[in-house]
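The values are calculated or read from the model by the stated rules, or taken from the named source; none is laboratory data. Note that the coordinates shown come from a computational prediction; the quantities given were computed from them, not determined experimentally. All Cβ positions, glycine included, derive from the backbone under ideal geometry; neighbour counts span all protein chains shown. Side chains are part of the model used for accessible areas, which takes the heavy atoms of the whole protein and leaves out ligands, DNA and RNA. Shrake-Rupley method; radii C 1.70, N 1.55, O 1.52, S 1.80 Å.
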Amino acid sequence: MKPDSFMSEKSAKIFVAGHRGLVGSAIVRKLQESGFTNLILRTHSDLDLTNQADVETFFSTEKPAYVILAAAKVGGIHANNTYPADFIAVNLQIQTNVIHSAYTNGVKKLLFLGSSCIYPKFAPQPIPESALLTGPLEPTNEWYAIAKIAGIKMCQAYRIQHQWDAISGMPTNLYGPNDNFHPENSHVLPALMRRFHEAKANDAEEVVVWGSGSPLREFLHADDLADACVFLMERYSGFEHVNVGSGVEVTIKELAELVKEVVGFEGKLVWDCTKPDGTPRKLMDSSKLASLGWTPKVSIRDGLRQTYDWYLENVVQKQQ
């Protein structure tokens with residue numbers, strides 16, 4: 001029996017967990033643009049996903065047909081190093097509660113979103129899906145990575161034991177509207193954007209950036225990921241997780257120069273080599289997704305401009 005087409009069920013109940021974050025908000029925009037009319041959204045104060053009883057009550061009451069699990073506790077190197085217990089415990093609780101309750105309450109299909117940090121620190125480059133669990137993780141974010149690996153394996157286990165359609169997507173480094181611009185707990189791109197903006201506003205002569213600038217990174221706009229999520233919900237029902245990347249690499253130095261240009265900071269860049277670089281190179285092999293027929297659309301320059309406009313409107317104006 002052929003499963004129902006996701007795209008043909010525009011009035012089906014879809015629970016987007018984590019709808020206010022970078023990823024979740026992009027998925028909500030994409031679903032709404034695609035004509036879906038019955039999205040179920042809950043803020044953290046409405047529904048604490050770490051509370052098993054509350055999650056079970058929510059699922060048994062609402063009975064969503066589809067779930068996209070984008071809720072997670074996330075942060076950069078500093079946050080991961082400072083709060084390792086939070087990163088492993090909170091993420092395991094969210095995933096376990098949502099995946100199990102989704103299955104027991106008859107959800108047709110669930111998409112679990114992980115992160116490229118699931119792969120070994122020195123995985124082959126570009127990183128294929130098969131590199132999972134083939135070597136030690138990057139120590140600065142292994143707590144988060146272990147939780148995300150558990151989520152992938154949980155989806156696979158429910159598929160094996162219960163023939164349930166749970167799939168996993170592994171995005172590369174993401175950016176875009178609704179990103180976290182916290183001065184200490186944010187990822188590299190929003191952290192750079194904030195630092196350059198504040199330096200420009202304060203007429204600073206220089207901006208100091210962590211590390212050597214040499215690591216290579218791949219970035220994907222959140223709108224592209226959202227597009228890929230809808231694509232996977234419609235087109236993919238396999239056992240293995242699927243990488244979602246842009247296929248374009250930049251050094252952190254190139255990225256910093258690009259952000260500097262977009263923000264319009266005229267001072268100089270200084271690199272603090274006493275600070276950690278993280279993984280030396282992290283490019284995803286997204287050929288599996290490409291072979292299914294999906295390609296990204298947003299260039300990094302256009303994406304950075306759009307993100308900076310959002311930052312000015314939603315973060316800077318609210319601080320004034």
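Pulled fully out, how much extra length does the chain show between GLU56 and LEU258, if you take 0.36 nm times their separation in residues and subtract their Cα-Cα distance?
Full extension from GLU56 to LEU258 adds 68.2 nm.
About the Cα centre of the chain, what is the dipole size in debye to 20, counting +1 per Lys and Arg Cβ and -1 per Asp and Glu Cβ, all else neutral?
Rounded to the nearest 20 debye, it is 660 debye.
Under 5 Å between amide hydrogens, which residues at least 5 positions from LEU283 or on another chain qualify, with H placed 1.01 Å from N in the peptide plane?
ILE127
Please find the FRET efficiency linking THR43 to MET7, where r is the Cβ-Cβ separation and R0 is fixed at 35 Å, and quote it to the nearest 0.05.
E(calc), rounded to 0.05, equals 0.80.
Give me the lysines in straight-line cross-link reach of LYS268: C-alpha distance below 18 Å, same-chain residues under 8 apart excluded.
Reachable lysines: LYS200, LYS253, LYS260.
Could you tell me the center-to-center distance, by alpha carbons, between the range 110-133 and the range 30-104 in angstrom?
Comparing the Cα centres of the range 110-133 and the range 30-104, I get a distance of 21 Å.
Using alpha-carbon positions, what is the distance between the centroids of the range 279-314 and the range 202-268, in Å?
6
For the range 22-160, what is the charge dipole size about the Cα centre, in debye to the nearest 20, if Lys and Arg each add +1 at the Cβ and Asp and Glu each add -1 at the Cβ?
Using Cβ point charges on Lys, Arg, Asp and Glu, the range 22-160 gives about 380 debye.
If eta is 0.692 mPa s and T is 37 °C, what Stokes-Einstein diffusion coefficient results for the chain, Kirkwood Rh from Cα pairs, in µm²/s?
Roughly 162 µm²/s, to the nearest whole number.
Just the Kirkwood number for the range 84-169, please: inverse of mean 1/r across all distinct Cα pairs, in Å, one decimal.
13.5
Counting only heavy atoms of protein chains, what accessible area per residue, in Å², does the chain have with a probe of 1.4 Å?
That works out to 44 Å² per residue.
Residue by residue through the range 128-144, which ³J(HN,Hα) values in whole Hz follow from phi under the Karplus form 6.51 cos²θ - 1.76 cosθ + 1.60 (θ = phi - 60°), with glycine and proline marked x?
So the J values, rounded to whole Hz, are x, 4, 5, 6, 4, 6, 10, x, x, 7, 5, x, 6, 9, 5, 5, 5.
Would you kindly state how much longer the chain becomes between VAL316 and THR82 on full extension, computed as 0.36 nm times their sequence separation minus their alpha carbon distance, in nm to one decimal?
Result for the pair: 81.6 nm of gain on full extension.
Give me, ordered by chain and number, the residues 5 or more places off THR251 or on other chains with an amide H under 5 Å from its own placed amide H.
Residues meeting the criterion, in which the H sits 1.01 Å from N, are ARG217.
Beyond 20 Å between alpha-carbons counts as too far, so tell me which of LYS121/LYS148; LYS121/LYS275; LYS13/LYS73; LYS109/LYS153 fall in that bin.
Violating the 20 Å Cα-Cα cut-off are LYS13/LYS73.
What 222 nm value per residue comes from the helices of the chain, counting each DSSP H run with n ≥ 4 as -39,500 (n - 2.57) and dividing by all residues, nearest 500 deg cm²/dmol?
Computed mean residue ellipticity for the chain: -13000 deg cm²/dmol.
Starting at the first residue of the range 11-20, write each ³J(HN,Hα) from the Karplus equation 6.51 cos²θ - 1.76 cosθ + 1.60 with θ = phi - 60°, in whole Hz, x for Gly and Pro.
Working through the residues one at a time gives 9, 5, 6, 10, 8, 9, 7, x, 6, 9 Hz.
In the chain, carbon and sulfur make up what percent of the accessible area (probe 1.4 Å)?
Solvent-exposed carbon and sulfur of the chain make up 52 percent of the total.
Taking amide H positions as placed 1.01 Å from N in the peptide plane, with prolines and chain starts having none, which residues 5 or more places from LEU174, or on another chain, fall under 5 Å of its amide H?
LEU220
Could the peptides 146-153, 12-19 be put in order, highest first, of the mean number of other beta-carbon atoms found within 10 Å of their residues?
Ranked by mean Cβ neighbours within 10 Å, highest first: 12-19, 146-153.
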